[in-house]
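The values are calculated or read from the model by the stated rules, or taken from the named source; none is laboratory data. Model, not experiment: these values are computed from the prediction. For neighbour counting, all protein chains shown are included, and Cβ atoms are generated from backbone atoms with ideal geometry for every residue, glycine included.
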Amino acid sequence: MSAGLVILDRDGVINFDSDEYIKSPEEWIPIPGSLEAVTRLCRADYRVAVATNQSGIARGLYSMATLNRIHLKMVSSLHERGGQFEAVFFCPHGPDDGCNCRKPRPGMLHQASERLSVPLAGVPVVGDSRRDLESAAAVGALPILVKTGNGEATQQLLLDGGLNNHLRGIPVYTDLAAFADDLLSGGLDQQMHPPAGG
């Protein structure tokens, strides 16, 4: 595993999601423990980036300026806790725009790799939805599912065999804090690379 970079989805992983979209800084509310988890990763010398679909822009629900204000709140809230995001990548397009950056397509992850000069092989990509997992698998990164946001429904898809075979058996965590704890304790590495004969 490439220790050093972790890529997070935003809605449903860092902050509470909404079927009505997060359309203002006031609607951006962090999931308890999520920002503290990112701070722990930063203090352990992990670089943490965000990759998020934001089709609300294409749908006319909010402007680029509003998205910038939302992200400023997110970045500032993390900074207050002693952490920092290396970069925030977003796709402003709608599902019918045919772009390469909207997950499950891998464009945003390639952008992160190029901007941060980190190969994607084995990099943990944490998400709550099928598209997060599929984009990670497409680039050889390590898909990680959290059960916040849409995560429980996505886990049910996994259990029902409704996702591609290569996604079965991926690590699943209660939330971002549980993932960070396991990564920092070495538990994730042991899970992915069990001892020979164990």
Exercise for the section: Look through region 104-119, keep the residues that are in contact with a Ser or Thr (Cβ under 9 Å, 6 or more places away or on another chain) and touching a residue at least 60 places away in the same chain (Cβ under 8 Å), and return whichever of them is surrounded by the fewest Cβ atoms within 10 Å (Cβ to Cβ). Expected result: 119
Problem - Of all residues in region 157-173 being over 14 Å from the mean Cα position of the chain (by Cα) and either modelled with pLDDT of 95 or more or assigned to a loop (DSSP other than H, G, I, E, B) (or both), the one that is nearest to residue 4 (Cα to Cα) - result: 170
Problem - Options 127, 83, 151; residue that is under 20 Å from residue 181 (Cβ atoms), buried (at least 19 other Cβ atoms within 10 Å of the Cβ) and touching a Cys at 6+ places or on another chain (Cβ under 6 Å) - result: 83
Problem - Top-ranked residue in region 1-48 [being at pLDDT 95 or above and among the hydroxyl-bearing types (Ser, Thr, Tyr); ranked as nearest to residue 141 (Cα to Cα)] - result: 46
Exercise for the section: Quick one: residue 133 ticks every box in (1) surrounded by 23 or more Cβ atoms within 10 Å (Cβ to Cβ); (2) over 20 Å from residue 54 (Cβ atoms); (3) in contact with a Pro (Cβ under 6 Å, 6 or more places away or on another chain) except a single one, so which number is it? Expected result: (2)
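For the structure I just gave you, tell me whether residue 51 is under 18 Å from residue 18 (Cα atoms), of a type outside the set (Lys, Arg), assigned to a helix (DSSP H, G or I) and modelled with pLDDT of 95 or more.
For residue 51, the condition - under 18 Å from residue 18 (Cα atoms), of a type outside the set (Lys, Arg), assigned to a helix (DSSP H, G or I) and modelled with pLDDT of 95 or more - is not met.
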Practice task
Please work out which residue is farthest from residue 62 (Cα to Cα), limiting yourself to region 86-98 and to residues that are over 15 Å from the mean Cα position of the chain (by Cα) and exposed (fewer than 15 other Cβ atoms within 10 Å of the Cβ).
Solution key: 98
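Okay, residues lined up against (1) among the small types (Gly, Ala, Ser); (2) in a loop (DSSP other than H, G, I, E, B):
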{"site": "73", "(1), (2)": "no, no"}
{"site": "83", "(1), (2)": "yes, yes"}
{"site": "89", "(1), (2)": "no, no"}
{"site": "93", "(1), (2)": "no, yes"}
{"site": "99", "(1), (2)": "no, yes"}
{"site": "104", "(1), (2)": "no, yes"}
{"site": "114", "(1), (2)": "no, no"}
Exercise for the section: With the condition kept exactly as written, say whether any residue in region 143-156 is over 18 Å from the mean Cα position of the chain (by Cα) and over 27 Å from residue 86 (Cα atoms). Expected result: yes
Practice task
Would you check if there is a residue in region 71-79 being surrounded by 15 or more Cβ atoms within 10 Å (Cβ to Cβ), of a type outside the set (D, E, K, R), under 16 Å from residue 12 (Cα atoms) and under 19 Å from the mean Cα position of the chain (by Cα)?
Solution key: yes
